[in-house]
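The next block holds one structure in the form of structure tokens; read it before the comments.
The values are calculated or read from the model by the stated rules, or taken from the named source; none is laboratory data. Since the structure is predicted, the reported quantities are computational estimates derived from the model, not experimental observations. Cβ atoms come from the backbone with ideal geometry, glycine included; neighbour counts cover every protein chain shown.
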């Protein structure tokens with residue numbers, strides 16, 4: 001059943017550790033509840049602040065699992081994982097997680113503007129209503145994604161590309177230091193692809209760190225600084241050069257030579 005993800009507990013988060021990477025994993029193992037085999041195994045990676053990292057691999061490779069673990073939505077079975085030097089979940093205001101569009105209940109009776117302002121909740125907690133400044137930041141995010149004119153639409157009335165922009169606007173409204181984006185370019189129109197590409201460049205200039213699960217191999221060098229290749233829950237390569245694109249994602253054969 002589709003559901004909303006709010007990866008915070010309604011309380012102020014800890015401050016990031018000075019000089020710590022945006023994300024660091026050491027021999028990380030992540031297992032879904034009641035699952036026999038781990039979805040991620042022996043993953044070691046460091047992502048510096050300000051990087052744009054693509055997570056590349058076929059379905060079931062572990063891309064979404066890594067993002068959810070970083071967002072504090074999945075427990076760590078073994079190894080270590082830190083976000084800005086802290087355990088996942090201790091700094092929810094610093095981490096914005098964008099789930100795949102198919103995991104959202106688009107029939108939920110909420111307007112686009114109200115969806116976007118929920119990005120401010122990690123700063124507010126559960127009981128404090130959004131302030132005028134919170135609404136201003138939500139409106140600015142809508143404007144930035146080019147959907148200010150859709151603010152009062154029910155979210156289910158949007159096209160696929162517009163829905164993706166609304167979710168991205170919600171992530172921007174949070175003003176997080178680390179953005180975790182799960183397939184933001186999946187089944188969207190060309191205009192939205194261009195908007196997302198420009199946004200990734202803007203976020204880098206602003207010093208934000210972005211980790212994106214993607215199948216868009218042709219955009220790797222244009223949109224990212226680095227790439228992590230995953231297969232069957234394991235890291236099989238890293239870097240923007242030395243991979244063979246043909247049939248890699250569809251057939252689950254990422255042949256990385258870098």
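Tell me yes or no: at least one residue of region 195-212 is under 15 Å from residue 164 (Cα atoms), out of contact with any strand residue (DSSP E or B) (no Cβ under 9 Å at 6 or more places or on another chain), surrounded by fewer than 18 Cβ atoms within 10 Å (Cβ to Cβ) and without any contact (Cβ under 8 Å) to a residue 40 or more places away in the chain. Checked region 195-212: at least one residue is under 15 Å from residue 164 (Cα atoms), out of contact with any strand residue (DSSP E or B) (no Cβ under 9 Å at 6 or more places or on another chain), surrounded by fewer than 18 Cβ atoms within 10 Å (Cβ to Cβ) and without any contact (Cβ under 8 Å) to a residue 40 or more places away in the chain. Look at (1) at pLDDT below 90; (2) on the phi < 0 side of the Ramachandran plot and you find that residue 64 fails only one, number (1). Mind counting the residues in region 60-81 that are surrounded by fewer than 20 Cβ atoms within 10 Å (Cβ to Cβ), over 23 Å from residue 116 (Cβ atoms) and touching a residue at least 60 places away in the same chain (Cβ under 8 Å)? Of the residues in region 60-81, 1 are surrounded by fewer than 20 Cβ atoms within 10 Å (Cβ to Cβ), over 23 Å from residue 116 (Cβ atoms) and touching a residue at least 60 places away in the same chain (Cβ under 8 Å).
Among residues that are surrounded by fewer than 16 Cβ atoms within 10 Å (Cβ to Cβ), under 22 Å from residue 212 (Cβ atoms) and out of contact with any helix residue (DSSP H, G or I) (no Cβ under 7 Å at 6 or more places or on another chain), residue 146 is not included. Would it be correct to say that residue 145 is under 21 Å from residue 187 (Cα atoms) and in contact with a strand residue (DSSP E or B) (Cβ under 7 Å, 6 or more places away or on another chain)? Taking the combined requirement at face value, the residue does not satisfy it. Counting only residues that are assigned to a loop (DSSP other than H, G, I, E, B) and under 15 Å from the mean Cα position of the chain (by Cα), which one in region 50-61 is nearest to residue 239 (Cα to Cα)? Among those that are assigned to a loop (DSSP other than H, G, I, E, B) and under 15 Å from the mean Cα position of the chain (by Cα), it is 51. Selection of region 110-149 for residues being in contact (Cβ under 8 Å) with a residue 24 or more places away in the chain and assigned to a loop (DSSP other than H, G, I, E, B) yields 110, 125, 126, 127, 145, 146, 147. Of note, residue 169 satisfies the criterion of being at pLDDT 95 or above, closer than 21 Å to residue 52 by Cβ and either part of a loop (DSSP other than H, G, I, E, B) or touching a helix residue (DSSP H, G or I) at 6+ places or on another chain (Cβ under 9 Å) (or both). Counting only helices (runs of 4 or more DSSP H) that sit wholly inside region 186-258, those with at least 2 residues that are at pLDDT 90 or above are 190-205.
Taken over region 70-109, the criterion of being in contact with a strand residue (DSSP E or B) (Cβ under 9 Å, 6 or more places away or on another chain) and in a strand (DSSP E or B) is satisfied by 76, 77, 78, 79, 80, 81, 82, 83, 95, 96, 97, 98. Criterion first (buried (at least 21 other Cβ atoms within 10 Å of the Cβ) and at negative phi) does residue 96 satisfy it? When the stated conditions are applied, residue 96 passes them.
Report yes if residue 105 is free of Cβ contacts under 8 Å to residues at least 40 places away in the same chain and closer than 30 Å to residue 59 by Cα, otherwise no. Judged against the criteria, residue 105 is not a match. Right, residue 156: part of a helix (DSSP H, G or I), in contact (Cβ under 8 Å) with a residue 12 or more places away in the chain, more than 20 Å from the chain's Cα centre (by Cα) and farther than 18 Å from residue 212 by Cβ or not? Yes, satisfied.
Results for (1) buried (at least 16 other Cβ atoms within 10 Å of the Cβ); (2) modelled with pLDDT of 95 or more; (3) part of a loop (DSSP other than H, G, I, E, B); (4) within 15 Å of the chain's Cα centre (by Cα), shown as yes or no for each residue.
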{"residue": "3", "(1), (2), (3), (4)": "no, no, yes, no"}
{"residue": "11", "(1), (2), (3), (4)": "no, no, yes, no"}
{"residue": "15", "(1), (2), (3), (4)": "no, no, yes, no"}
{"residue": "18", "(1), (2), (3), (4)": "no, no, yes, no"}
{"residue": "24", "(1), (2), (3), (4)": "yes, yes, no, no"}
{"residue": "29", "(1), (2), (3), (4)": "yes, yes, no, no"}
{"residue": "46", "(1), (2), (3), (4)": "no, yes, no, no"}
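Put simply, of 234, 219 the only residue that is farther than 22 Å from residue 72 by Cα and either in contact with a helix residue (DSSP H, G or I) (Cβ under 8 Å, 6 or more places away or on another chain) or in contact (Cβ under 8 Å) with a residue 40 or more places away in the chain (or both) is 219.
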